[in-house]
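Here's the structure, in structure tokens; my notes come after.
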Amino acid sequence: MKEIVIISGKGGTGKTSLTASFALLTSNSVLVDCDVDAADLHLILTPYNSITHDFYSGNIAVIDQDKCQKCNKCRQICRFNAIRRQPDEIGGEYSVNPLACEGCGVCVYFCPAKAISFPERNCGEWYISDTRNGKMVHARLGIGAENSGKLVSLIRQKAKETALENSNDLIIIDGPPGIGCPVIASLTGTDLVIIVTEPSLSGQHDLKRVLKLTKHFGIKALLVINKWDINPEMTEKIENQALENDVITLGRIPYDSVFTTAQVNGKAVVEMPDSDVVENIRSIWTKIYSFLK
Amino acid sequence: MKIAITAYGESLADAVDSRFGRASKFMVYDLDKDTFEIVNNSQNLNAPQGAGIQAAQNVADLGVEAVITGHCGPKAFSVLKAAGIIVYNTEAKTIQEAIQLFKEGKLTNTGSPDVDAHWV
Amino acid sequence: MKIAVASGKGGTGKTTIAVALALAADEPVQLLDCDVEEPNCHIFLSFNTEEEADVEVLKPVIDETKCINCGRCAEICQFNAIVNLKIKTLVFPELCHSCGGCSLVCPTKAITEEKYRVGILQKANSIDLEFAMGKLDIGQAMAVPVIKAVKALADNNKIVIFDAPPGTSCPFIQTVSDTDFVILITEPTPFGRHDLSLAVDTIRKLGIPFAVIINRVTAKENLITEYCRQQNIDIFLQISEDRAVAEAYSRGENLLQAKPQLKTVLQDVIIRIKNILDPGKTQGGC
């Protein structure tokens, strides 16, 4: 069983659109949407029969008004400015701002009146669903919730279990943008990383950082340049720079309105009528698949 | 002498769990008496981070001299090392097999973690 | 006045518009790039960064001569950053959230907190504007401390524009919190609409006034105008899809270079925001 992740560094390069197409070109795979902050894959794959699970991670401090003595110790000791006092004067009511609370437990420990409880925090939901192409594991991170890296790790684990149960041979992961916690969680331990970029200075800049990341974690990476004809000169520059980092470019996809049309129709690009672009994406996938063997 | 093996199930016929930090259970096997007990590691499945570290701490409290697992990352490894516990890696399919290989001295301990640091 | 430019979905034109807004303003302005994982504003500005400073957070260091291995530090740590073995106590700084709990509970004062680098701040000035950006070190997982460091540079005497990271979780929230107004940039696609609704839900929870700018528009009535109408959300501007603009962007040219007519339009956006925030003091303009 192999795991492949598609990331981009810069957002808006077409990562999710291409992930959907790649998935639909396989017949024995599990799909995972690890962009849990702003998941979009389900808009193309239209999941159904979803089994929902609550996602608990870490804890949150809650002040019991009946026990609180308004000594102000929690507010002094909190490093995250998460304790509110309303109105902000002596005698004001103390409460914890859930969007700022880091879940460190220091206020809980030091409250002289033991007025602060520390329940588990509900950070969102994750789902295992059916799609027209097999199982999909996806999630929705709660508003303001942290630990999206942990949620990413969790759904990857569930995807592995699902793949084992159903004898799938491939897990395809739609990764998040950026290079931080959730991206790291989506790519560690995978067999192959596909980077989707665009030929702009921003894309080039972000690609450099992504390449450092994949190198840092020692995972083989391959490149796809989307909207290549917006700037052919930059496209070549990026391909050469990638090569210097031992990263091969698998293909170039031209800027094409079919990406939007497909999305509007709830389809992947490869489900649209045959065209050069569709053929292009198919051949890129064939190359990716050959690297997995 | 007692050893701990990361376990997918509760019997010797079950598979070795390939991961250390997120293993659901440990089988603590007493080599002198040929008996074993199962210790749960499930609190780690909910740990936001540092599951390997926590698992290593739990194992250190069990009084074992060695750990047999599929893969162990650097942080968990350093905790086990500090506690004087030796880590053995195995590709054995079942726990029974892994223990047998251990008894025969056929398992390798490379003295270092065998996977890179990971954010899981 | 602090304005955050955010989006939910990546690639909608956040940075493009944040930069253009900063350049269009005809009063003192400061542009702060808070997308510390992939900062891009500087690509469209024509100066080199001038000053650099490390972004540091505090991480615990244990003095082994004083440590009695009581384990209280490991017990209070919620993040598994400290491990207590009977004979030794280990610290894993990568997992530490710098809450200070361990050093507070140590009975022998064996724990001190020391500076640990997680990223870098870069600042520059030009005639037009003051600029700063934060960059998270590769391999570091937590963006928030670097974002906090960038925001700390805000000058309250100027119009401060924050370029926010994509997404709707903690880095986004850290950036838009305590701002006076948020402009959400989106595109008229299903992904754009979906992620916009997530961003709107979050901003409403934060209670900050906001409005929308739609980028890459092909039809005046579209998925976003429909959504905004249902939700009673102001649309400040619709910018048409323009391949020439996309090509200019790819070369690192800013939006005002590609479409100079947007300058007065964006100045009006700033005036409009001022009017919303302080209706008593109506400013001149459209």
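Throughout, read-outs are computed from the coordinates displayed, never taken from laboratory work. Since the structure is predicted, the reported quantities are computational estimates derived from the model, not experimental observations. Heads up, the Cβs are rebuilt from the backbone with ideal geometry, glycines too, and the neighbour counts pull from every protein chain shown.
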Next item on the list: May I ask for the angle, rounded to the nearest 10°, between helix C:262-277 and the longest principal axis of chain C, with both axes built from Cα atoms and the value confined to 0 to 90°?
Entry: 60 degrees
Notebook entry, point to check: Pairs C:K14/C:K135; B:K75/C:K14; A:K150/C:K9: which are spaced more than 27 Å apart, C-alpha to C-alpha?
Noted result: B:K75/C:K14
Check: If amide H atoms are built 1.01 Å from N in the plane of the peptide, which residues on other chains or at least 5 residues away come under 5 Å of the amide H of B:A66?
Finding: B:A4, B:I86
Check: Among the GluC sites (Glu not before Pro) within the stretch A:37-126, which fall in a DSSP loop and have no more than 11 other Cβ atoms within 10 Å of their own Cβ?
Finding: A:E89
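Considering every residue in A:126-134, what mean count of other chain Cβ atoms within 10 Å of its Cβ is obtained?
The shielding value for this peptide is 0.
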Check: For chain A, what does -39500 (n - 2.57) per DSSP helix run (n ≥ 4), summed and divided by total residues, give at 222 nm, in deg cm²/dmol to the nearest 500?
Finding: -10500 deg cm²/dmol
Next item on the list: Report, by chain and number, residues whose modeled amide H sits under 5 Å from the one on C:I82, excluding near sequence neighbours (fewer than 5 apart, same chain).
Entry: C:F92
Next item on the list: State whether chain C is rounded, prolate or oblate according to the following rule on the C-alpha gyration tensor (a ≥ b ≥ c being the square roots of its eigenvalues): a/c under 1.5 gives rounded; otherwise a/b larger than b/c gives prolate, and the remaining case gives oblate.
Entry: prolate
Next item on the list: Using only alpha carbon pairs under 8 Å that are at least six residues apart, calculate the relative contact order of the stretch B:2-103 and give it in whole percent.
Entry: 31 percent
Check: In peptide C:243-252, what is the residue-averaged number of other protein chain Cβ atoms found within 10 Å of each Cβ?
Finding: 5
Note to self: If you restrict to DSSP beta bridges whose two residues both lie in the stretch B:2-103, what percentage is antiparallel, to the nearest 5?
What the structure shows: 65 percent
Check: Rounded, prolate or oblate: which one fits the stretch C:57-117, using the alpha carbon gyration tensor with axes a ≥ b ≥ c (rounded when a/c is under 1.5, else prolate when a/b beats b/c, else oblate)?
Finding: prolate
Margin query: Mean-square fluctuation check for chain C, GNM, Cα pairs under 10 Å: which of C:K220, C:K66, C:K263 is largest?
Written below: C:K66
Next item on the list: For helix A:276-292, report the angle its Cα long axis makes with the longest principal axis of the Cα atoms of chain A; keep it between 0 and 90° and round to the nearest 10°.
Entry: 70 degrees
Notebook entry, point to check: For the protein assembly as shown, what proportion of DSSP beta bridges, expressed in % and rounded to the nearest 5, is antiparallel?
Noted result: 50 percent
Note to self: Can you compute the helix-only [θ] at 222 nm over chain C? Use -39500 (n - 2.57) per DSSP H run of at least 4 residues, normalise by all residues, nearest 500 deg cm²/dmol.
What the structure shows: -9000 deg cm²/dmol
Next item on the list: Show the residues, 5+ positions off or on another chain, whose built amide H is closer than 5 Å to the amide H of A:R84.
Entry: A:S95, A:V96, A:N97
Checklist line | Relative contact order %, the stretch A:61-118, counting alpha carbon pairs below 8 Å whose residues are six or more apart | finding: 47 percent
Next item on the list: Read phi for every residue in the stretch C:214-226 and hand back ³J(HN,Hα) as whole Hz from Karplus 6.51 cos²θ - 1.76 cosθ + 1.60, θ = phi - 60°, with x for Gly and Pro.
Entry: 9, 10, 6, 8, 10, 9, 4, 9, 8, 3, 7, 4, 5
Checklist line | Longest exposed-site-free window of chain C, the sites being GluC sites (Glu not before Pro) in a DSSP loop that have at most 14 other C-beta atoms within 10 Å | finding: C:65-220
Next item on the list: Could you tell me whether the stretch B:1-45 comes out rounded, prolate or oblate from its Cα gyration tensor? Rule is a ≥ b ≥ c as square roots of the eigenvalues, rounded for a/c under 1.5, then prolate if a/b exceeds b/c, otherwise oblate.
Entry: prolate
Checklist line | Separation between Cα centres of the stretch C:31-48 and the stretch B:43-114, rounded to whole Å | finding: 45 Å
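What relative contact order, as a whole-number percentage, does chain A give when Cα pairs under 8 Å and 6 or more residues apart are counted?
27 percent
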Note to self: Just to be sure I understand: with springs between alpha-carbon atoms less than 10 Å apart, which residue in A:P199, A:P273, A:P182 has the highest mean-square fluctuation in the Gaussian network model of chain A?
What the structure shows: A:P273
Note to self: Residue by residue through B:103-109, how many Cβ atoms from other chains fall within 10 Å of the Cβ on average?
What the structure shows: 0
Note to self: For a quick check, take a GNM of chain C with Cα springs below 10 Å and name the residue from C:T168, C:T89, C:T202 with the largest mean-square fluctuation.
What the structure shows: C:T89
Margin query: So in chain A, which Cys have no other cysteine's beta-carbon sitting under 4.7 angstrom from theirs?
Written below: A:C34, A:C68, A:C71, A:C78, A:C101, A:C111, A:C123, A:C181
Check: If packing is taken as the mean number of other Cβ atoms within 10 Å per residue, what is the order of A:155-163, C:3-11, highest first?
Finding: C:3-11, A:155-163
